[in-house]
2 protein chains.
Amino acid sequence: MNGAHALIHTLVDSGVDTCFMNPGTSEMHFVAALDDVPAMHSVLALFEGVATGAADGHARMTGRPAATLLHLGPGLGNGLANLHNARRAFTPLVNIVGDHATYHKQYDAQLESDIETVARNVSSFVRRSAKPDEVGGDASDAVAAAYGPPGQVATLVLPADVSWSDGATPTPPRAPATPEPVDDGIVKQVVEALHSGEPAALFIGGRACRGPLLDAAAAIASATGAKLLCETFPARLERGAGRPPVERLAYLAELAAQQLDGLRHLVLVGAKSPVSFFAYPDKPSDLVPDGCRVHALAGPGHDPTGVLEALVDALGADPAAAPRQGAARPDRPTGALTAQAACAAVGALLPEGAIVSDEGNTSGLFASGFSAGAPPHDWLCLTGGAIGQGLPVAVGAAIACRDRRVVALEADGSALYTVQSWWTMARESLDVTTVLLNNRSYAILNMELGRVGAASGPRAKEMLDLSHPDLDFVSLARGMGLTASRATTADELVEALERSLATPGPSVVEAIVPSLV
Amino acid sequence: MNGAHALIHTLVDSGVDTCFMNPGTSEMHFVAALDDVPAMHSVLALFEGVATGAADGHARMTGRPAATLLHLGPGLGNGLANLHNARRAFTPLVNIVGDHATYHKQYDAQLESDIETVARNVSSFVRRSAKPDEVGGDASDAVAAAYGPPGQVATLVLPADVSWSDGATPTPPRAPATPEPVDDGIVKQVVEALHSGEPAALFIGGRACRGPLLDAAAAIASATGAKLLCETFPARLERGAGRPPVERLAYLAELAAQQLDGLRHLVLVGAKSPVSFFAYPDKPSDLVPDGCRVHALAGPGHDPTGVLEALVDALGADPAAAPRQGAARPDRPTGALTAQAACAAVGALLPEGAIVSDEGNTSGLFASGFSAGAPPHDWLCLTGGAIGQGLPVAVGAAIACRDRRVVALEADGSALYTVQSWWTMARESLDVTTVLLNNRSYAILNMELGRVGAASGPRAKEMLDLSHPDLDFVSLARGMGLTASRATTADELVEALERSLATPGPSVVEAIVPSLV
């Protein structure tokens, strides 16, 4: 058995059954081996950033790593931004990066580069398989490393001759490392803080944003009068009618400061202590207010099951009795199409079980609020701030959950980084509705230009402007094989959105909205 | 004066007058400073790979570095593949990568990453400006480093507070390092080899592919009966009627072996010794035939002026009498549209002074032959093998040479990596004709699948197929604001190409061609 076969068998045996790929010559034996291992689902992307973002989205929904297959250092480079986002999401992910044959590297051929250097930027685990009989074990180790805890990106470099040579065997799955045990001291400290009568908040992130852990956090907050806040960009937040309502910390530091104002205790549950996204002249980077004590109950990316159970017990909280969001939807908007109306349309129509991939940026600002009481759904965020994540994550989520509708809430500027995602949606017949919020500018940068105190002359503004020529996303979507329509009124948007949500397969609704900035 | 102002002034004073950018919040003060330094031409790209590839194309035509402005580690990552190509082209290039404010880095905010690690993969010079009063000197050093010799990528990391804080001053240009002196010994050795009567070839690359150096190399070859070969993917080859004819080494090792067969001396002039692009089982990586001695007269990327002059003198060669390509064009093709016909159309119509950005891959295979006797033009190649370079390089070349027509000969698969280039062409009203060769597959990989000896079952082939859905490049181009048309016969292609070449501004001609593979 050659290295490629052993690798794919090992991945599948370890629960990694989907590979998002953009292969080249050095990966041809991996590609050829796909025909012999039907349990591995392979998905072609036209750009590596689509593959890495899709692997992230897939894992956010399944809890298992997906694999990518990338072509040497440049292919890894093209996928790097969404690997950064995956790293920030604590997503388990296994990159397979093909390389030149071991004996070919000495010739410094055109595509030769230092793959490990690039990989280390985003990967906690980086290894190069030197011989076919090492591939199986290396792949098992990579999958175990990806699981963490916390979940992380693992990169395995696969030289072409290791892939094509015989002498390899699959390796059984290896157990991931066990989480660190609960520290009783911190639980006791938090119980005291929450019983102190002083203003307190639970600040949740990662796994605490869903399922029984979210119920537990909500019950603890409710039992003690603490606020329940979550990180600004959770990897996956379960929300909607019947689920505990959670207040997300605002992106704008000024608004976040208001949400945190007066707190004396901030309990971190799967989240890191809140900091400003960027630095701004004469504004604090650390958002924790003076006099507020931070209690790090569980780190970001870690499974806080143990500590939450201990807290529930110690406080006598009842997860079954946690507060629940009531069902409520905005009216279907009519008249002028604004960013607010577009978000209201999403809130009015979001189907039960939907998965929202949110990269709506400024135009999508109101979507979260308008959908708070919609039927239960998942909300996936831009975890690392590297735009171009929304459409790829939608691809991966849709492949992971074929029975659910994915809504990609996407800003015009961000869409253009990985717009090739649409083609994969069409090829795979994915049930994805893209709501493309087109305000014809990098609106968030127009806002930031003022916030950082920079002047804004005409040449500066020109660099933030996406008009002349206007981007026509209907043409772009059709060029990639999707049906698409444009809405210039709220009524048109509602009609197009209803049609898209009711139609199997992917489609794009372009909403022309004025910029909020 | 703040750091941003000093930086831009220093760049302009050093001859770096164009900046291709995709900025974010941490770069806002750089963007704001553009209004105060009108000598710096700023060009917006919708994706960083467009910016880095355009800077490469610009420098290939001007000989001076262009700058990029990129947003932290993920922005650099998105630009990495074309920086790899620029590195392989020995292109002088200055990346400015914005970063968080110095005091903000400790908070590990969402976009925090190790920028230097990524930059080192492609940059010989990596520096971080720690204080405003260092920015000017750092920028001067970066430009000097970019000039080399050889030309290289220099990356300067600019923290947001260093950019926005006062206390900076522009720094005058610094002289680049001087090239190493000519080694008389190697010149004498080469003279002996070329006078030996044994079969010999000059293998040229880099600067030896144009201007007086090309004339000198051709005269030397002609005077001694040596073959004149050039590297497979030269950064910029001057060719066409009236210029010395040069045979390019083939991409396929089998064909390259035929070109080199029987040689006893291979004289490297600005090129490295030829190696196979990839390794193939049971085939040699080193293409130099047994019994052939390699004479490294000048390394890749270095200016071979001195050694060529010494050789011309020693051999009594006359550059003015170097062989010249005669004027000849193929007939305008008619009938069925094949890859061969598409290339014939380019050869028949290529205007004088055109700049061809060649990423036509398999479908473009015959373009070089059909245009050999076309009016004088430049030919820019995929130097590093990381596809997605052709359209961005066309952007940069067109901005560098506003009075010349750029023809981007582009394959369907490759186009999709950096298709956002079209928008920048439209915004900047660039005279670029894209001939999009659409064979609906990664044809080169279908060929490579067999060449590496891999099986090719239906699932493998599916991963190399770009149909279902078919990509409609006319829609994609229109979506980005360009005029576009589709040709399905050779006659339609000729008509569309003539129209495009005669019309100011960018346009796209999609040629539907059967795959050669």
Residues of region B:84-98 classified as facing chain A (nearest Cβ under 7 Å) and of a type in the set (Val, Ile, Thr), total: 0
With the condition being free of Cβ contacts under 8 Å to residues at least 60 places away in the same chain and of a type in the set (Val, Ile, Thr), I'd like the helices (runs of 4 or more DSSP H) fully within region A:15-97 carrying at least 1 qualifying residues. A:28-33
Restricting attention to region B:27-38, does a residue exist that is more than 10 Å from chain A (Cβ to nearest Cβ) and not aliphatic (A, V, I, L, M)? no
Inside region B:316-340, the number of residues satisfying the requirement of being crowded, with 18+ Cβ neighbours inside 10 Å and touching a Ser or Thr at 6+ places or on another chain (Cβ under 8 Å) is 4
With respect to the numbered conditions (1) among the acidic types (Asp, Glu); (2) surrounded by fewer than 24 Cβ atoms within 10 Å (Cβ to Cβ); (3) within 13 Å of chain B (Cβ to nearest Cβ), which one is the sole condition not fulfilled by A:Asp13? (3)
What helices (runs of 4 or more DSSP H) completely inside region A:433-517 contain at least 3 residues that are surrounded by fewer than 22 Cβ atoms within 10 Å (Cβ to Cβ), in the same structural domain as A:Arg404 (by TED's automatic domain parsing) and touching a residue at least 40 places away in the same chain (Cβ under 8 Å)? A:443-451, A:490-502
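Residue by residue, here is whether (1) of a type outside the set (Phe, Trp, Tyr); (2) modelled with pLDDT of 95 or more; (3) over 24 Å from the mean Cα position of the chain (by Cα) holds:
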position	(1), (2), (3)
B:Gly242	yes, yes, no
B:Arg264	yes, yes, yes
B:Tyr280	no, no, yes
B:Lys283	yes, no, yes
B:Gly291	yes, yes, yes
B:Pro304	yes, no, no
B:Ala320	yes, no, yes
Considering only residues that are more than 17 Å from the chain's Cα centre (by Cα), among the small types (Gly, Ala, Ser) and surrounded by fewer than 24 Cβ atoms within 10 Å (Cβ to Cβ), which ones fall in region A:364-381? A:Gly369, A:Ala372, A:Gly373
Among (1) surrounded by fewer than 23 Cβ atoms within 10 Å (Cβ to Cβ); (2) more than 16 Å from the chain's Cα centre (by Cα); (3) in a helix (DSSP H, G or I), where does A:Val126 come up short? (3)
Collect the residues in region A:403-445 that are more than 19 Å from the chain's Cα centre (by Cα), at the interface with chain B (Cβ under 10 Å from one of its Cβ atoms) and more than 24 Å from B:Asp465 (Cα to Cα), keeping them in residue-number order. A:Tyr442, A:Ile444, A:Leu445
Do we have any residue at all in region A:444-455 that's small (Gly, Ala, Ser) and more than 29 Å from B:Ala160 (Cα to Cα)? no
Here are B:Ala109, B:Ala101, B:Ala81: which of them is at pLDDT 95 or above, within 9 Å of another protein chain (Cβ to nearest Cβ) and within 17 Å of B:Val135 (Cα to Cα)? B:Ala101
Can you find even one residue in region B:213-225 that is assigned to a loop (DSSP other than H, G, I, E, B) and surrounded by fewer than 21 Cβ atoms within 10 Å (Cβ to Cβ)? yes
Which one of these does B:Ala119 not meet: (1) away from every other protein chain (no Cβ under 14 Å); (2) closer than 25 Å to A:Leu80 by Cα; (3) part of a helix (DSSP H, G or I)? (1)
Just to be sure, is B:Arg427 touching a strand residue (DSSP E or B) at 6+ places or on another chain (Cβ under 6 Å), more than 19 Å from A:Ala45 (Cβ to Cβ) and crowded, with 17+ Cβ neighbours inside 10 Å? no
Could you check how many residues of region B:350-363 are crowded, with 22+ Cβ neighbours inside 10 Å and out of contact with any Ser or Thr (no Cβ under 8 Å at 6 or more places or on another chain)? 4
Listed by first then second residue, the pairs whose first member lies in region A:276-299 and is crowded, with 19+ Cβ neighbours inside 10 Å, whose partner is part of a loop (DSSP other than H, G, I, E, B) and of a type in the set (Val, Ile, Thr), with beta carbons under 6 Å and at least 6 positions apart or on separate chains, are A:Tyr280/A:Val452
With in contact with a helix residue (DSSP H, G or I) (Cβ under 6 Å, 6 or more places away or on another chain), within 18 Å of A:Cys292 (Cα to Cα) and not β-branched (Val, Ile, Thr) as the only criterion, which of A:Leu229, A:Leu213, A:Leu194, A:Leu237 stands out? A:Leu194
As an exercise: evaluate A:Ala397 against (1) surrounded by fewer than 24 Cβ atoms within 10 Å (Cβ to Cβ); (2) in contact (Cβ under 8 Å) with a residue 60 or more places away in the chain; (3) of a type outside the set (Val, Ile, Thr); (4) more than 14 Å from chain B (Cβ to nearest Cβ) and give the number of the one condition it does not meet. (1)
Any residue in region B:253-261 that is closer than 28 Å to B:Asp184 by Cα, without any contact (Cβ under 8 Å) to a residue 40 or more places away in the chain and either of a type outside the set (D, E, K, R) or assigned to a loop (DSSP other than H, G, I, E, B) (or both)? no
Qualifying positions in region B:306-352 - in contact with a helix residue (DSSP H, G or I) (Cβ under 8 Å, 6 or more places away or on another chain) and among the acidic types (Asp, Glu): B:Glu309, B:Asp318, B:Asp331
What pairs can you find where one residue is in region A:305-323 and farther than 16 Å from A:Ala193 by Cβ, the other is in a loop (DSSP other than H, G, I, E, B), and their Cβ atoms are less than 8 Å apart, with a gap of 6+ or different chains? A:Gly306/A:Pro179; A:Gly306/A:Pro181; A:Gly306/A:Val182; A:Ala322/A:Pro244; A:Pro323/A:Pro244; A:Pro323/A:Pro245
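For region A:451-470, name all the residues that are among the hydrophobic types (A, V, I, L, M, F, W, C) and more than 7 Å from chain B (Cβ to nearest Cβ).
Correct list: A:Leu464, A:Leu466.
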So, of the residues in region B:26-54 that are within 17 Å of A:Leu466 (Cβ to Cβ) and β-branched (Val, Ile, Thr), which turns out to be farthest from the chain's Cα centre (by Cα)? B:Val31
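The values are calculated or read from the model by the stated rules, or taken from the named source; none is laboratory data. Bear in mind the structure is a predicted one, so any value in this text is a computation, not a measurement. Counting neighbours? That spans all protein chains shown, and the Cβs are built from the backbone with ideal geometry, glycine included.
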